[in-house]
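Single-structure report; data block below.
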Amino acid sequence: MSTFTGLTTGFIALTALEAVLSSKASAGRVGGIFTSVNAVFQHIADPTIPLLPDRSGNSGSAVVSSAPLGTPQLSPATAQTVSL
C-alpha cells in the first residue's frame, strides 16, 4: 500500500467518522449499535447459558464417574447418576 493510498483511506475514514458522530442523535445510534453488540458478546460468554442447545431428548441426567481419566471401563457400581 503506498503512502498516498494510506493517507487517502485515513482521510476518508476520519471524514465518515466525523459525519456519523457529529450530532448527539447520530452518536446515540452508534452507541446503540455498540450496546447491541456488547449484549450479544455477553450472552455468548455467559457460562450459565449453553452455547449449543441440548437436542438429545434425554431427561436431563447423565452417568458420570469419579475415576481419573485413563481408567479402564467402570462397573455400574462405581458410576453414579447426576441430574443436570
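Here, each number is a calculation from the coordinates, and none is a lab measurement. Computed from a predicted structure; not experimentally measured. In this analysis, Cβ positions are derived from the backbone assuming ideal geometry, glycine residues included, and neighbour counts consider all displayed protein chains.
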Next item on the list: Bin width 5 Å, alpha-carbon pairs only: give the P(r) of the stretch 1-56 as whole percents, running from 0 to the bin holding the largest distance.
Entry: 4, 16, 12, 12, 11, 11, 12, 9, 7, 4, 2, 0
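Could you compute the FRET efficiency for residue 13 and residue 39, with r as their C-beta to C-beta distance and R0 at 25 Å, rounded to 0.05? Before the final figure, lay out the partial values.
Numbers: r = 26 Å, r/R0 = 1.05.
The value I calculate is 0.45.
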